[in-house]
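The structure under discussion appears below in the form of structure tokens.
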Amino acid sequence: MIGDCNKNGIFYALQSGSLNLGPVWTQQIAASKGGQICNAGAVWDASANQLIMGSTLTSRSPAAIQALSPYAAASNRVIWQSDLPCPVDGVPSEDGAGVLAVVTMTFPGENPCTTGSTPSIYLYDAHSTVPNPNGSGPRVPRLLKTIRLGRSAFSQPTFADGYLFVAGEG
């Protein structure tokens, strides 16, 4: 399968050998107005059978990172989700051990962060979840570390030779 998110906020999953049949499934993961668009792809985690992507369609925060089961019905598709104080606007990355790197960002006047928050890099164990701290909703991935950027970074983090590389402003 292949998939990508359109600026209308919908992620489209298609069979790579049958594109002419249209999407196998779709998932609304971002608002289609107000600057909160979805314009990035996702990470396929084959060992955990999950598709990991950012979302701005949350009720409690400006954004989230979530894992979806591509084989489940829409009502059961979210495996885990972690709310974030700033929007995820790029593609996350995952290394071979299941460490997930997510970069949040903001543009002045658009997609603001929660008051007191700044764009950051979040490192998660994508294969280990804990109960949702809000008491309801899907489980959340185990947070390993948060690194504050202070300024926006619109780039995909990259793992190479045991290092994590992230481009940023300033």
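Counting only protein chain heavy atoms and rolling a 1.4 Å probe, the accessible areas of 10, 147 rank, largest first, as 147, 10.
Give me the 1.4 Å probe accessible area per residue for the chain, excluding ligands and nucleic acids, in Å².
Here the per-residue accessible area is 51 Å².
Legend: residues 142, 77, 148, sorted from most to least accessible area (1.4 Å probe; ligands, DNA and RNA excluded), read 148, 142, 77.
How would you classify the chain from its alpha-carbon gyration tensor, with a ≥ b ≥ c the square roots of the eigenvalues: rounded for a/c under 1.5, else prolate if a/b is greater than b/c, otherwise oblate?
Details: a/c = 1.38, a/b = 1.26, b/c = 1.10.
It is rounded, given that a/c, with a ≥ b ≥ c, falls under 1.5.
Scalar couplings 3J(HN,Hα) for region 130-141, obtained by applying the Karplus form with A = 6.51, B = -1.76, C = 1.60 to θ = phi - 60°, are 10, x, 5, x, 7, x, 8, x, x, 4, 10, x Hz; x denotes Gly and Pro.
The values are calculated or read from the model by the stated rules, or taken from the named source; none is laboratory data. These figures come from a predicted structure and were not determined experimentally. These area figures cover heavy atoms from the full protein model, side chains too; ligands, DNA and RNA do not enter into them. Shrake-Rupley method; radii C 1.70, N 1.55, O 1.52, S 1.80 Å.
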